[in-house]
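K.L.:
If you scroll down you'll find the structure; I have some questions about it.
The values are calculated or read from the model by the stated rules, or taken from the named source; none is laboratory data. Everything numeric here is computed off the predicted structure, so don't read it as measured data. Note: ideal-geometry Cβ built from the backbone for every residue, glycine included; neighbour counts use all protein chains shown.
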Amino acid sequence: MKAVFGAAALLLTLPGCNVYREATSARPDVTQPWRGIATDADRDRYRKWRKAWDEGLTAAKAVDPQAIAADPALFDPDRALGGAALPPGKYRCRTFKLGSSGTAVRAFTTYPAFDCEVSEEGEIDSLHKMNGSQRPVGMLFPESDARTIFLGTLILGDEVSPLRYGLDARRDMIGYVERIGEKRWRLVLPWPHFESKLDILELVPA
């Protein structure tokens with residue numbers, strides 16, 4: 001499944017799919033910087049990334065301090081090595097939810113590994129979580145050698161294509177990718193709209 005955006009475009013050519021025309025129309029103009037694409041709400045979430053770490057990590061430590069201590073690289077907010085750009089290819093990715101919000105009942109939740117893919121999309125690359133009940137999909141914007149910005153949306157359940165970024169604020173996602181070890185990266189999502197204060201998606205080559 002090369003580009004999710006390509007898959008969404010294919011849906012628009014099928015009979016009975018007019019209902020998706022607005023929701024899955026072409027992606028934004030990615031030739032401009034990510035700050036020109038991000039919504040006001042997402043830029044605000046990104047500015048408050050440190051607060052999300054502080055609140056989420058404190059709550060997670062209170063629930064399972066051993067798990068947090070066992071992986072200091074993953075759970076250190078200041079861990080950022082050079083080479084943040086994710087090479088295109090297939091990955092195994094695990095989600096960790098820190099802090100509780102909304103419907104969450106625990107302040108620290110881990111999920112098993114699922115499949116992710118980074119695809120070349122011309123000007124930029126895309127990241128797509130391929131399976132699981134919550135699947136981020138979006139664009140990767142180079143920011144610095146130590147950080148790549150992620151802008152995307154959340155696919156839920158049995159949905160087959162993403163909403164266009166900016167159409168539904170509760171599905172919009174902003175975050176950043178950092179390399180935290182040898183062939184090991186994380187996608188950090190501050191203030192997600194479902195369940196947690198901070199989501200961490202660990203990525204390692206498949």
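K.L.:
Take ARG35 and tell me if it is modelled with pLDDT of 95 or more and within 30 Å of PHE75 (Cα to Cα).
P.N.:
So ARG35 fails the test.
K.L.:
Ok, one more. Cβ contacts < 8 Å: first residue among the polar types (S, T, N, Q), restricted to the range 133-144; second residue assigned to a strand (DSSP E or B) and buried (at least 21 other Cβ atoms within 10 Å of the Cβ), any location; separation 6+ or different chain. Result?
P.N.:
From residues that are among the polar types (S, T, N, Q), the pairs are GLN134/THR95; GLN134/LEU154; GLN134/ILE155.
K.L.:
For a quick check of your reading of the model, give me the residue pairs whose first member lies in the range 44-67 and is over 20 Å from ALA169 (Cβ atoms), whose second is among the hydroxyl-bearing types (Ser, Thr, Tyr) and surrounded by 17 or more Cβ atoms within 10 Å (Cβ to Cβ), with beta-carbon atoms closer than 7 Å and at least 6 apart or on different chains.
P.N.:
Every condition considered, the pairs that remain are GLY56/SER196; ALA59/SER100.
K.L.:
Let me confirm something: among ALA3, ALA7, ALA26, which residue is modelled with pLDDT under 85 and either aromatic (Phe, Trp, Tyr) or in contact with a strand residue (DSSP E or B) (Cβ under 7 Å, 6 or more places away or on another chain) (or both)?
P.N.:
ALA3
K.L.:
Are there any pairs, at least 6 apart or on different chains, whose C-beta atoms fall under 7 Å, with the first in the range 113-129 and without any contact (Cβ under 8 Å) to a residue 24 or more places away in the chain and the second assigned to a strand (DSSP E or B) and of a type in the set (D, E, K, R), and if so, which?
P.N.:
Hits for this filter: ALA113/ARG92; ALA113/ARG94; PHE114/LYS129.
K.L.:
Looking at the range 171-186, I want the residues that are part of a strand (DSSP E or B) and have a partner that is surrounded by fewer than 21 Cβ atoms within 10 Å (Cβ to Cβ) and of a type in the set (Gly, Ala, Ser) with Cβ atoms under 6 Å, at least 6 apart or on another chain. Which pairs are those?
P.N.:
These pairs meet every condition: GLU178/ALA80; ARG179/GLY83; ILE180/ALA73; GLY181/ALA73.
K.L.:
Continuing with this model, one more query. Conditions: (1) on the phi > 0 side of the Ramachandran plot; (2) in contact (Cβ under 8 Å) with a residue 60 or more places away in the chain. SER100 meets all but one. Number of the miss?
P.N.:
(1)
K.L.:
Same structure, new question: Tally time: how many residues in the range 138-162 are of a type in the set (D, E, K, R) and either outside any strand (DSSP E or B) or buried (at least 20 other Cβ atoms within 10 Å of the Cβ) (or both)?
P.N.:
The number of residues fulfilling the criteria is 3.
K.L.:
Sticking with this one: Output the number of the condition that ASP78 fails; it satisfies all remaining conditions of (1) outside any loop (DSSP other than H, G, I, E, B); (2) closer than 30 Å to GLU123 by Cα; (3) at pLDDT 95 or above.
P.N.:
Answer for ASP78: the failing condition is (1).
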